[in-house]
1. Tell me the relative contact order for region 2-48 as a rounded percent, counting alpha carbon contacts under 8 Å between residues six or more apart.
2. Find out how many positive minus negative residues lie around Gln4, taking Lys and Arg as positive, Asp and Glu as negative, among other residues whose Cβ is under 14 Å from that of Gln4.
3. With 10 angstrom as the radius, rank Leu2, Leu23 by how many other C-beta atoms surround their C-beta, starting from the fewest.
Amino acid sequence: MLIQVSYDDNKFDYVKDYMLDQLIQSGAISSFKRRSGWVRVGIDPVRSQRCSPYFGEERRGAAAALGLFGIKAAVSPAPVRPLSD
């Protein structure tokens, strides 16, 4: 997903969502756009940093799109029986 950002020199750009944290931490951007409007870095609340990695169940991406919440492992297929003559 692309996110619109404003750099410190008042130039605008679109960046990939995974780049946003690094741009915020480095101070390279002054603001970015959310659905609710523009967020001013250092003034408005932004993403919080996790102290430790997340080890819980994945709820985003393909699993979320397919509604696979709560599934811990793939279901094994039924055994294949040989054809009898």
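What follows draws every value from the coordinates through simple rules; no lab data is involved. Here the structure is a predicted model, which means the values were calculated and not measured. Neighbour counts are summed over all protein chains in view; Cβ atoms, including those assigned to glycine, are modelled from backbone coordinates with ideal geometry.
1. Values: 57 pairs, mean separation 15.6, N = 47.
After rounding, I find 33 percent.
2. Details: positive: Lys11, Lys16, Lys33, Arg34, Arg35, Arg40; negative: Asp13, Asp17.
Here the charged neighbours net out to +4.
3. Values: Leu2 10, Leu23 17.
Exposure proxy ranking, most exposed first: Leu2, Leu23.
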